[in-house]
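K.L.:
Here's a structure for you.
Values quoted throughout were computed directly from the atomic coordinates according to the rules given, and no laboratory measurement underlies them. What you see is a predicted model, and the numbers here were worked out from it, not measured in a lab. Quick reminder, even Gly has a Cβ in these numbers, built from the backbone with ideal geometry, and neighbours come from all protein chains shown.
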Amino acid sequence: MNKRCENFRYMEKGRPWRDLTFKFYADGGLTIIDNGANEVISPNDLKGDSMDFYVRRRIEYIKNKLAASMQKYA
């Protein structure tokens with residue numbers, strides 16, 4: 001089964017300067033990959049600007065989902 005997802009690459013501005021890939025799935029799922037260490041990390045491992053990036057994208061997803069629901073049931 002294929003899941004639709006949006007991929008975003010993010011380079012942290014402060015130490016430890018991680019190169020991250022965020023995969024936001026249409027069903028609300030999330031995968032965060034640390035490209036340097038080649039491992040999956042959780043949102044709890046994010047700090048500073050990478051956490052801010054994650055929160056902004058998650059809020060955007062929620063707003064879009066609500067707007068789509070409002071259009072569907074209006």
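K.L.:
Need a quick list: strands (runs of 3 or more DSSP E) entirely within segment 1-45 having at least 2 residues that are within 11 Å of the chain's Cα centre (by Cα) and free of Cβ contacts under 8 Å to residues at least 40 places away in the same chain.
P.N.:
Because the criterion is at least 2 residues that are within 11 Å of the chain's Cα centre (by Cα) and free of Cβ contacts under 8 Å to residues at least 40 places away in the same chain, the strands (runs of 3 or more DSSP E) in segment 1-45 that meet it are 5-11, 19-25, 30-34.
K.L.:
Next up: Does segment 17-29 include one or more residues that are in contact with a helix residue (DSSP H, G or I) (Cβ under 8 Å, 6 or more places away or on another chain), of a type in the set (D, E, K, R) and surrounded by 11 or more Cβ atoms within 10 Å (Cβ to Cβ)?
P.N.:
Yes: segment 17-29 contains one or more residues that are in contact with a helix residue (DSSP H, G or I) (Cβ under 8 Å, 6 or more places away or on another chain), of a type in the set (D, E, K, R) and surrounded by 11 or more Cβ atoms within 10 Å (Cβ to Cβ).
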